[in-house]
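Structure first, commentary second.
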Amino acid sequence: MDSANAASAASPRNKSSLAQRVISALILLPIVIGLVWWGVWPIVVLVVAATVVGLLELYGAFAQGGYRPRVAVGIALALALIGAVTLRATTSLDLVMPLITLAIVASLVFELTRHSERGGVASWALTLAGAFYLGWLFSQFIPLRMLSSALRPNLFTLLGLPLDSGAAWIYLILAITWIQDTAAYFVGKYTGRHKMAPILSPKKTWEGAVGGLVGSVLASVGFAVVFGLPINTAQALFLGLVGGIVGPLGDLAESMIKRQVGLKDAGNLIPGHGGILDRADSLLFTGPVLYYLIKLLLV
């Protein structure tokens with residue numbers, strides 16, 4: 001780290017930001033862990049809330065960039081998608097594909113009523129893209145919470161606590177994602193020399209990326225044992241490796257959106273972290289990707 005960066009890292013502003021991040025994490029972690037433990041319906045509520053707030057941030061960012069997304073239409077489409085995914089996960093009724101078809105048709109029909117406006121195609125595309133980006137990716141945590149697999153003896157059984165397998169899988173993905181992010185932050189902060197994406201995310205370094213990847217792999221192997229998940233060490237290594245790659249890609253994808261519209265943070269809901277999108281950008285990739293990999297491993 002050069003002297004300028006060292007001074008910046010030691011500045012009161014950065015120390016205050018780090019303190020805010022830690023305090024926010026200490027408040028949010030027990031809430032999220034408790035909701036996951038509680039069952040699938042609290043997860044549905046959490047997904048709905050995160051999607052609505054995230055879409056308001058995302059569409060607000062698009063508007064900042066001069067675009068005109070249809071906020072009400074996008075939120076309605078995202079919520080309908082979450083509803084269809086929930087129905088498929090909890091009942092035998094599968095309306096996902098009909099809903100996707102209807103979403104495309106209905107959103108285009110809506111634009112026909114405003115065909116004289118400039119930028120109607122861009123508005124339609126961004127509205128639909130936002131609804132699927134958040135509504136679909138967040139909704140995958142619902143069937144993930146429903147995953148059923150026999151757990152091995154674990155820390156929770158030793159403590160006499162009834163851990164559901166769906167909750168255990170979500171906890172594993174949260175651990176992989178958050179430890180990757182934390183390891184990347186500190187390794188990059190103290191040893192980072194080589195910029196990974198200087199335009200999209202100037203603070204990210206290759207050293208931080210490697211540190212984060214090591215952290216995600218260790219987290220996957222360690223917490224797979226803690227939660228008694230029915231995978232072997234090689235499979236846990238694989239999940240950690242994939243999570244350590246796709247998580248930062250989710251972060252960079254959200255950074256790309258913000259850079260395109262000239263924003264630093266998507267919102268300011270969470271002190272030290274920004275908005276929902278700033279906090280959940282990695283999870284939006286690791287959750288769905290690892291969910292489908294886990295399903296393949298359990299076959």
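The values are calculated or read from the model by the stated rules, or taken from the named source; none is laboratory data. No experiment lies behind these values; they were computed from the predicted model shown. With ideal geometry, Cβ positions are generated from the backbone for all residues, glycine too; neighbour counts draw on all protein chains shown.
Counting only residues that are small (Gly, Ala, Ser) and in contact with a helix residue (DSSP H, G or I) (Cβ under 7 Å, 6 or more places away or on another chain), region 43-94 holds 9 of them. Residue check: Leu93 meets all listed conditions (1) over 25 Å from the mean Cα position of the chain (by Cα); (2) assigned to a helix (DSSP H, G or I) but one, namely (2). Restricting region 113-147 to residues that are at pLDDT 90 or above and outside any helix (DSSP H, G or I) leaves a set whose member that is nearest to the chain's Cα centre (by Cα) is Gln140. Considering only residues that are small (Gly, Ala, Ser) and in contact with a helix residue (DSSP H, G or I) (Cβ under 9 Å, 6 or more places away or on another chain), look in region 230-244 and name the one that is farthest from Ser282 (Cα to Cα). Taking the candidates together, the pick is Ala236. A search for C-beta distances below 8 Å between a residue of region 100-126 that is free of Cβ contacts under 8 Å to residues at least 60 places away in the same chain and any residue that is hydroxyl-bearing (Ser, Thr, Tyr) and not in a helix (DSSP H, G or I), counting only pairs 6+ apart in sequence or on different chains, returns Gly119/Tyr67; Ala122/Tyr67; Ser123/Tyr67. Selection within region 250-271: residues that are closer than 29 Å to Trp37 by Cβ, aliphatic (A, V, I, L, M) and surrounded by fewer than 22 Cβ atoms within 10 Å (Cβ to Cβ). The member of this set that is modelled with the lowest pLDDT is Ile270.
Based on this model, can you work out whether Phe110 counts as at pLDDT below 90, in contact with a Pro (Cβ under 8 Å, 6 or more places away or on another chain) and of a type in the set (Phe, Trp, Tyr)?
Here the answer is no, as Phe110 does not meet what is asked.
For the condition modelled with pLDDT of 90 or more and either surrounded by fewer than 17 Cβ atoms within 10 Å (Cβ to Cβ) or within 30 Å of Ser123 (Cβ to Cβ) (or both), Val53 qualifies.
Somewhere in region 207-218, is a residue over 17 Å from the mean Cα position of the chain (by Cα) and closer than 28 Å to Ala61 by Cα? Yes; the residues of region 207-218 include at least one that is over 17 Å from the mean Cα position of the chain (by Cα) and closer than 28 Å to Ala61 by Cα. Only residues that are in contact with a Lys or Arg (Cβ under 9 Å, 6 or more places away or on another chain), more than 19 Å from Leu55 (Cα to Cα) and of a type in the set (Gly, Ala, Ser) were counted across region 80-110, and they come to 1. The set of residues from region 46-73 being in a helix (DSSP H, G or I) and hydroxyl-bearing (Ser, Thr, Tyr) comprises Thr51, Tyr59.
Filtered by the rule that a residue be touching a Pro at 6+ places or on another chain (Cβ under 9 Å) and small (Gly, Ala, Ser), region 79-103 gives Ala84, Ala89. For region 61-88, a residue qualifies if it is crowded, with 17+ Cβ neighbours inside 10 Å, closer than 17 Å to Glu254 by Cβ and modelled with pLDDT under 95, and the qualifying residues are Ala61, Phe62, Tyr67, Pro69.
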